[in-house]
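The values are calculated or read from the model by the stated rules, or taken from the named source; none is laboratory data. The structure presented is a predicted model; accordingly, all values stated were derived computationally and were not measured. Here the Cβ positions follow ideal geometry from the backbone for every residue, glycine too, while neighbour counts run over all protein chains shown.
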């Protein structure tokens, strides 16, 4: 699933109980620890397919923190990724403290606020889901005045007005 170079890098990121919790508004909208990824900018050094799989893992872990029972596909994906990098610190934090839960909620809301600010005046938006990853697309028509409707609705209401678009690519 992951390239060998990505597996080697993730395998060097071993658990440290004193690791600092970090907040990432975009792309995670969540928390992570610096022994799991030194900085989210490192994600962009991974091949795109690997990066998307790692982001999917972070999303699945939030589901676990929220007590969601994983789908069969997500559980298989989780297990396959664990088998590739079992010593990666990421897999040591399946349960989190109440303080971590509050930080996760703060990060989630912060991510929502960032998306709202970025997409507030977009004329067209769509969301596609591919391999468990959501991709946003927005278009701004610079030659037209914004309508009052688009300024009054939040970005997610405008996206889902017609429902999300899904892709199996």
Residues that are modelled with pLDDT of 95 or more, closer than 27 Å to residue 126 by Cα and in contact with a helix residue (DSSP H, G or I) (Cβ under 8 Å, 6 or more places away or on another chain): does segment 88-99 have at least one? no
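For every residue, the table says whether it meets (1) exposed (fewer than 13 other Cβ atoms within 10 Å of the Cβ); (2) assigned by TED's automatic domain parsing to the domain that holds residue 22; (3) assigned to a helix (DSSP H, G or I).
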{"site": "79", "(1), (2), (3)": "yes, yes, yes"}
{"site": "91", "(1), (2), (3)": "no, yes, yes"}
{"site": "95", "(1), (2), (3)": "yes, yes, no"}
{"site": "125", "(1), (2), (3)": "no, no, no"}
Could you please find all residues in segment 28-51 being in contact with a helix residue (DSSP H, G or I) (Cβ under 6 Å, 6 or more places away or on another chain) and either part of a strand (DSSP E or B) or at pLDDT below 90 (or both)? 28, 29, 30, 31, 43
